[in-house]
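Working notes, beginning with the structure itself.
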Amino acid sequence: MFTFCSVVVAAIIFEYSNGFHDAANAIATVVSTRVLTPRKAIAMAAFFNLTGALFGGAVASTIGKGLVDTNIVTMTTVLCAVIAAFVWNVTTWWFGLPSSSSHALIGGLCGAALAAARGDWSVIKWNAGVWPKVVVPMITSPLAGFIFGGLLMFLLFLALHRFTPHFVQSLFGKLQIFSAAWMAHSHGTNDAQKTMGIITLALFTGTKAGRFDHLPAWLDFLKTPVFVLPKWVIVLCAVTMAVGTAAGGWRIIRTLGHRMVKLQPVHGFAAETTAAIIIQSASYYGIPLSTTHVISTSIMGVGAVKRFSGMKWTVVERIIWAWLFTLPASGLIGYALERAAAAL
């Protein structure tokens, strides 16, 4: 029971860190364009992250049972996975790098499961889960963000070139509020689901192992013989994500909203709308997408259409390196933690 409580606490801390780490995903552009003040933008993002987190469950199922063999997973494995993701989250947040919380959690889970299986790679569901739902989207979703963000920006340029700058600024100053809200909602439907899946996996493995058999009757709600998201887990993760978002993520907001390219409301609208469509589609099919990757490359695509030479490619390069290292780094941390726990 102590291990399970540790898993829940660690998962909640991770969800909270996910909230402040990824708050920039939804509000960086709306803050940088001065459409909303940081305080109002964070409040809006927190609310719509909450509404998004309360819907769906396909992504949670992918994380909980679609990536590794649940027969090898123990409470300790889940705990090591969450701690590994949290460590990587905080490290990249400290340096202001918008890395993927999703890939950090996935890498931590795969690394810890591999260690629990003593190096047996068959424990990872490569063909059915990791390859089609993690690796391929990790490559295609940033490309889609860049291409479709640029395409939407180009079409907006064609449609708006006859209007005065004042009219365009005023119109998209209002529209960007809606696009930022949609982006925050989409983020909730995808990112909050991952921690729900992890906690449900802990409940499922604990039930199979008989960890909850001798508990008092009032704790029967912990028993999860079938992998189904309990309502209390959904609400707990949704609220925690919202609270974490409310805490803000100012370091990453500065990177996304100011350092890559200078944006106007029309550019922010194009980037947020593009990212929201891609993320919402991925959530429907249970793909644990990196919302960070998508919004970052959408901003890049929009910025490149605006003025290619205006892009600060040294910042972009640092972000790409953080993306590439997230899966292996968090996987290595998860592997090391699981081996250390087994040695105790």
Of LYS40/LYS174; LYS174/LYS306; LYS174/LYS231, which ones are farther than 25 Å apart at the Cα? LYS174/LYS231
Kyte-Doolittle mean at least 0.5 and Cα extent at least 27 Å along the axis: which DSSP H helices of the chain qualify? 2-32, 75-94, 136-160, 265-284, 313-343
Quick check: Cα centre of the stretch 232-247 to Cα centre of the stretch 57-81, how many Å? 20 Å
Which trypsin sites (Lys or Arg not before Pro) does the stretch 141-200 hold that lie in a coil by DSSP with at most 10 other beta carbons within 10 Å? ARG162
With the chain treated as a Gaussian network of Cα nodes joined by springs under 10 Å, which of PHE221, PHE212, PHE172 yields the largest mean-square fluctuation? PHE221
With a 1.4 Å probe and all protein chains kept in place, how do TYR285, TYR16, TYR335 rank by accessible area, largest first? TYR285, TYR16, TYR335
If VAL90, VAL168 are ordered by their accessible area, calculated over protein heavy atoms with a 1.4 Å probe, which sequence runs from highest to lowest? VAL90, VAL168
Rg [Å, one decimal], Dmax [Å, integer] - the stretch 174-235, C-alpha atoms: 16.8, 57
Might you tell me the accessible area per residue for the stretch 43-125, computed with a 1.4 Å probe and given in Å²? 34 Å²
Along its principal axes, what span do the Cα atoms of the chain show, with the longest given first and each in whole Å? 71, 39, 32
Charges on Cβ only, +1 for Lys and Arg, -1 for Asp and Glu, centred on the Cα centroid of the chain; of PHE227, SER281, GLY145, which one is farthest towards the dipole's positive end? GLY145
Evaluated at q = 0.14, 0.15 Å⁻¹: base-10 log I(q)/I(0), Debye formula over Cα of the stretch 1-138: -0.73, -0.82
How much of the accessible area of the chain, in percent, comes from carbon and sulfur atoms when a 1.4 Å probe is used? 71 percent
Mind telling me which of VAL30, VAL87, VAL136 comes out most flexible in a GNM of the chain, alpha-carbon contacts under 10 Å? VAL136
Mean-square fluctuation check for the chain, GNM, Cα pairs under 10 Å: which of ALA217, ALA276, ALA209 is largest? ALA217
Amide H partners (placed H, <5 Å) of VAL68, local residues excluded: LYS125
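The values are calculated or read from the model by the stated rules, or taken from the named source; none is laboratory data. Keep in mind it's a predicted model, so treat the numbers as computed, not measured. Backbone-built Cβ (ideal geometry, glycine too); neighbour counts: all protein chains shown. Ligands, DNA and RNA are stripped out before the accessible areas are found, and what is left, the full protein with its side chains, is counted by its heavy atoms. Shrake-Rupley method; radii C 1.70, N 1.55, O 1.52, S 1.80 Å.
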